[in-house]
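Asker: Let me give you the structure first, and then I'll get to my questions.
The values are calculated or read from the model by the stated rules, or taken from the named source; none is laboratory data. What you see is a predicted model; the values in this text were computed from it and never measured. Methodologically, a virtual Cβ is constructed for each residue, glycine included, from the backbone with ideal geometry; neighbour enumeration extends over all protein chains shown. What goes into the accessible areas is simple: the full protein's heavy atoms, side chains included, and nothing from ligands, DNA or RNA. Shrake-Rupley method; radii C 1.70, N 1.55, O 1.52, S 1.80 Å.
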Amino acid sequence: MKFATLADDAHRDGRAVAVSDDLTTCRAMPVSLLDMLAQEPNAVGPRGPEMPFAEADALAPLPRAAQFLDGSAYVNHVALVRQARGAAMPESFWTDPLIYQGCPAPCLPATAPITGDPNWGIDFEAEVAVITGDVPQGANPEAAAAAIRLVMLCNDISLRNLVPGELAKGFGFLQSKPPNAFSPVAVTPDALPGWDGRKLHGALRVDLNGQPFGRADAGRDMTFDFGQLLAHAARTRPLPAGTILGSGTVSNRGADGGPGRTVAAGGAGYSCIAEQRMVETILTGAPVTPFLQPGDRARIWMEDDHGRSIFGTIAQEVQAP
């Protein structure tokens, strides 16, 4: 099944709706999506009559998450970062996942504007994200993967020029990772084409200002799958129902094993501007592509084998603060 959340003045977490496969109609659910996650969402039947569904009316599937965790499952992305700045890649990065705690609320709707000072280095990061039921402390990857209730897309908005100063403090991200935007619709794993139980296969499509920017396959070059990421996060704590875990920037190696090429040059492109800038630095010695500026528009979506949108579209425009 597919689910979304609509605004409801009577409920802080909005009103959950079951959405048709073609994203045109919906039916109201008896509880919020957050309340449904302690059980299988498919087990809670819709109660309301069929009504039109418009992506633009949807909030984030979870407007307020129990927590937001973000991984770096595509280690190719990390390797490019370090190569671009001439730093060695620790071997442990290939065996020990990187995960940070981000901003769990508010979770932004798919059409929310991106605001901020352009000097902060505003960037998008196209990711796959999962929403869990309860994950017990110490769960192994198989048990953790079984707790995945819903899958959606995420734009993990990043302020690149604030990152170095924060990391230099040795205490992690805060100001450089503002609230994220999510696809209008989240999908149960059993209804998701390309889901193998631990990864989502298929092209994650990214356009910047109407031009193809990224077409990376989310199931390829994923060093750590969602079961492994969740098990790593649950090693010392339980994860409550309503936990969102992002995959990190989807990133593919080039066909020759190198850093990859732009879509215009016949490659899979990139899922964030920073990665394209890293590749430019590796190839030419300096980045060329600017970070986002007011008026820039980013779109993120995935399609099924028939060209139909699976999760709806994240479509955001940068606005001056």
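Asker: Residues in segment 52-75 near a label at ASP8, defined as backbone nitrogen under 19 Å from the 7 Å Cα→Cβ point?
Answerer: 52-66
Asker: Given labels modelled 7 Å from the Cα in the Cβ direction, how far is it in nm from ASP256 to ARG237?
Answerer: Computed distance between label sites ASP256 and ARG237 equals 4.5 nm.
Asker: In percent, what relative contact order does the chain have, based on Cα pairs under 8 Å that are 6 or more apart in sequence?
Answerer: The value is 23 percent.
Asker: What angle do you read, to the nearest 10 degrees and between 0 and 90, between the alpha-carbon axis of helix 75-84 and the longest principal axis of the chain?
Answerer: Once rounded, one gets 30 degrees.
Asker: How much accessible area per residue does the chain have, in Å², with a 1.4 Å probe?
Answerer: So the chain comes to 42 Å² accessible per residue, rounded to a whole number.
Asker: Scattering from the C-alpha atoms of segment 274-321 alone, worked out with Debye: what is log10 I(q)/I(0) at q = 0.14, 0.22, 0.23, 0.32 1/Å?
Answerer: -0.58, -0.82, -0.83, -1.04
Asker: Share of the chain's accessible area from carbon and sulfur, percent, 1.4 Å?
Answerer: Looking at the chain in its full context, I get 52 percent from C and S.
Asker: Considering only PHE226, PHE173, PHE182, give the residue with the highest GNM mean-square fluctuation for the chain, with springs between Cα atoms whenever their separation is below 10 Å.
Answerer: Answer for the Gaussian network model of the chain: PHE173.
Asker: Sticking with this one: For ARG64 paired with GLU317, estimate the spin-label separation in nm (one decimal), with each label point 7 Å from Cα along the Cα-to-Cβ line.
Answerer: 3.0
Asker: By how many degrees, 0 to 90 and rounded to 10, does the Cα axis of helix 273-284 deviate from the longest principal axis of the chain?
Answerer: That helix lies at roughly 20 degrees to the long axis.
Asker: Would you list, by chain and number, the lysines whose Cα falls below 28 Å from the Cα of LYS199, excluding same-chain residues fewer than 8 positions away?
Answerer: Cα-Cα hits under 28 Å: LYS2, LYS177.
Asker: Between segment 1-66 and segment 128-169, what is the separation of their alpha carbon centroids in Å?
Answerer: Comparing the Cα centres of segment 1-66 and segment 128-169, I get a distance of 22 Å.
Asker: How much net charge surrounds ARG220 when only other residues with a Cβ under 11 Å from its Cβ are counted (Lys, Arg +1; Asp, Glu -1)?
Answerer: The answer is 0.
Asker: At a Förster distance of 45 Å, what's the computed FRET efficiency of LYS169 paired with MET51, Cβ-Cβ distance as r, to 0.05?
Answerer: So, using R0 = 45 Å, E works out to roughly 0.35.
Asker: Measuring from centroid to centroid over Cα atoms, what is the spacing of segment 70-94 and segment 266-321 in Å?
Answerer: The two parts, judged by their Cα centres, are 20 Å apart.
Asker: Let me ask something else about it. Rounded to the nearest 500 deg cm²/dmol, what is the calculated helix-only ellipticity per residue at 222 nm for the chain, with -39500 (n - 2.57) per DSSP H run of length n ≥ 4?
Answerer: Rounded to the nearest 500, it is -4000 deg cm²/dmol.
Asker: Take the Cα gyration tensor of the chain, multiply each eigenvalue by 5, square-root it, and list the three semi-axes largest first, rounded to whole angstrom.
Answerer: Sorted largest first and rounded, they come to 30, 22, 19 Å.
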